[in-house]
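Peer 1: I am attaching a structure below and will ask some questions about it afterwards.
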Amino acid sequence: MSDARQAVAIIGCGLMGCDIAAIFLRSGWQVRAVEADTSKWDKARERVGLSVSQLDASADASGFSIVPALGDVRWDGVELLIEAVPEKMEIKRGLFEKLDRLAPPNVPLATNTSGLRITEIAAGLPTRHRMGGLHFFLPAHLVPAVEVVAGEFTDAATMDRMFSIMESVGCVPIRVAKDVPGFLANRLQHALMREAYAILDEGLATPEDVDAAVRYGFGFRYIAAGPILQKDLAGLDTNYAAGVSIYPHLNNGSKPGRSIEALVEAGKFGTKTGSGFWNWTPDQIEEQRANYERTLLAAAKLLPDGAKPPRR
């Protein structure tokens, strides 16, 4: 367990911020959170407690504290700051301008953006060399991966420090060397989604069949081996030959397919509105989310240290 004097500062107590907090609390860190809306504090503490208990029933969440403003943060012992505020450039940019002045110079400053360029968030700031990205995946405490992303100004020491910290709290950090849209994982994910929507548009399969093909077909293998390692194991010659045959027929559109576009235009956003590709009742939503989290918890137990990919 990490030294209890270690602390992380987290800005924002939405779902993402609370679940990130749970990761550090499980490893014995103090979490000093900032949430301006005090009406959210009780709900934040409840979520943090639940998320910590999912990771370890014996873990202690008492190291979690909340203050209403950046100026109230205690910086002694803080080794990392992570912001998890809304995905708007002006909000993140304004926050980092304040942090540039308030946070001690030895503290790496990480943004949890999934789509904005870190380079633009940090542009022109005196200590932009210590600003980088930590991109978590919902639910952050149950998905082991976290992308450690370099902006154009991020120095190697900052990348190494963020990587080391995330590894020390049980995550699987992934280095992303360039600040490009989608970083690494979302580029892969959206390539899959583009083809999935095209399949629906073409009438090749139903949403249920698409999901089944991924969950119980090739996706089932990915917890054991990622796509590159899996093809090394299976035979690169076979994969290359299949690619030559299949690639010319894949979708290469520059926007999402009509299947999702029509739903969004109709205000059908999925569970948040009660309808999307499926219609949802509150009980169905609760059941599906509970099953989703149970499955992720079970999958995490299949990832011992020995399952990490080989290093070249």
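Peer 1: Among the residues of region 248-293, write down those that are among the acidic types (Asp, Glu) and without any contact (Cβ under 8 Å) to a residue 12 or more places away in the chain. Write out each step before concluding.
Peer 2: Within region 248-293, the first condition is being among the acidic types (Asp, Glu), and the residues that meet it are 261, 265, 283, 286-287, 293.
Once the filter is applied, which keeps residues that are among the acidic types (Asp, Glu) and without any contact (Cβ under 8 Å) to a residue 12 or more places away in the chain, region 248-293 yields Glu261, Glu265, Asp283, Glu286, Glu287.
Peer 1: Which condition from (1) surrounded by 22 or more Cβ atoms within 10 Å (Cβ to Cβ); (2) of a type in the set (A, V, I, L, M); (3) assigned to a helix (DSSP H, G or I) is the one that Met159 breaks?
Peer 2: With (1) surrounded by 22 or more Cβ atoms within 10 Å (Cβ to Cβ); (2) of a type in the set (A, V, I, L, M); (3) assigned to a helix (DSSP H, G or I) applied to Met159, the lone miss is (1).
Peer 1: Criterion first (crowded, with 16+ Cβ neighbours inside 10 Å, touching a residue at least 24 places away in the same chain (Cβ under 8 Å), part of a loop (DSSP other than H, G, I, E, B) and of a type outside the set (Phe, Trp, Tyr)) does Leu116 satisfy it?
Peer 2: Against the criterion (crowded, with 16+ Cβ neighbours inside 10 Å, touching a residue at least 24 places away in the same chain (Cβ under 8 Å), part of a loop (DSSP other than H, G, I, E, B) and of a type outside the set (Phe, Trp, Tyr)), Leu116 qualifies.
Peer 1: Going by the structure shown, is Arg32 crowded, with 21+ Cβ neighbours inside 10 Å and out of contact with any helix residue (DSSP H, G or I) (no Cβ under 7 Å at 6 or more places or on another chain)? Give the steps one after another, and end with the answer.
Peer 2: On the way: crowded, with 21+ Cβ neighbours inside 10 Å: yes; out of contact with any helix residue (DSSP H, G or I) (no Cβ under 7 Å at 6 or more places or on another chain): yes.
So Arg32 passes the test.
Peer 1: Residue check: is Gly77 under 22 Å from Arg45 (Cβ atoms) and either surrounded by fewer than 18 Cβ atoms within 10 Å (Cβ to Cβ) or assigned by TED's automatic domain parsing to the domain that holds Arg47 (or both)? First the steps, then the outcome.
Peer 2: Numbers: under 22 Å from Arg45 (Cβ atoms): yes; either surrounded by fewer than 18 Cβ atoms within 10 Å (Cβ to Cβ) or assigned by TED's automatic domain parsing to the domain that holds Arg47 (or both): yes.
Yes: the conditions hold for Gly77.
Peer 1: Still on this structure, I have one more. Leu200 is checked against (1) touching a Lys or Arg at 6+ places or on another chain (Cβ under 9 Å); (2) part of a loop (DSSP other than H, G, I, E, B); (3) buried (at least 18 other Cβ atoms within 10 Å of the Cβ); (4) not hydroxyl-bearing (Ser, Thr, Tyr) and fails just one. What number does that condition carry?
Peer 2: Just one mismatch for Leu200, condition (2).
Peer 1: Still on this structure: Filter region 24-57 for residues that are under 28 Å from Arg101 (Cβ atoms), touching a residue at least 60 places away in the same chain (Cβ under 8 Å) and either in a helix (DSSP H, G or I) or of a type in the set (D, E, K, R) (or both) and give the result.
Peer 2: Result: Phe24, single match.
Peer 1: Can I ask one more? Looking at this structure, is Ser245 in the same structural domain as Leu303 (by TED's automatic domain parsing), surrounded by 13 or more Cβ atoms within 10 Å (Cβ to Cβ), of a type in the set (S, T, N, Q) and modelled with pLDDT of 95 or more?
Peer 2: Numbers: in the same structural domain as Leu303 (by TED's automatic domain parsing): yes; surrounded by 13 or more Cβ atoms within 10 Å (Cβ to Cβ): no; of a type in the set (S, T, N, Q): yes; modelled with pLDDT of 95 or more: yes.
Spelling it out, it is not the case that Ser245 is in the same structural domain as Leu303 (by TED's automatic domain parsing), surrounded by 13 or more Cβ atoms within 10 Å (Cβ to Cβ), of a type in the set (S, T, N, Q) and modelled with pLDDT of 95 or more.
Peer 1: Name the single residue that is farthest from Ala290 (Cα to Cα) among those in region 135-155 being touching a residue at least 60 places away in the same chain (Cβ under 8 Å) and not in a strand (DSSP E or B).
Peer 2: Pro144
Peer 1: Given the criteria in contact (Cβ under 8 Å) with a residue 24 or more places away in the chain, in contact with a Ser or Thr (Cβ under 6 Å, 6 or more places away or on another chain) and farther than 21 Å from Arg74 by Cβ, does Asp19 qualify? I'd like the intermediate steps shown before the answer.
Peer 2: Details: in contact (Cβ under 8 Å) with a residue 24 or more places away in the chain: yes; in contact with a Ser or Thr (Cβ under 6 Å, 6 or more places away or on another chain): yes; farther than 21 Å from Arg74 by Cβ: yes.
When the stated conditions are applied, Asp19 passes them.
Peer 1: Moving to a separate point now. Just checking, how many residues over region 58-98 are of a type outside the set (D, E, K, R), within 22 Å of Val48 (Cβ to Cβ) and assigned to a helix (DSSP H, G or I)?
Peer 2: 2
Peer 1: Identify, by number, the condition in (1) without any contact (Cβ under 8 Å) to a residue 40 or more places away in the chain; (2) more than 25 Å from Gly115 (Cβ to Cβ) that Ala224 doesn't meet.
Peer 2: (1)
The values are calculated or read from the model by the stated rules, or taken from the named source; none is laboratory data. Here the structure is a predicted model, which is why all the values come from computation and not from measurement. Neighbour counts run over all protein chains shown; Cβ positions are idealised from the backbone, glycine included.
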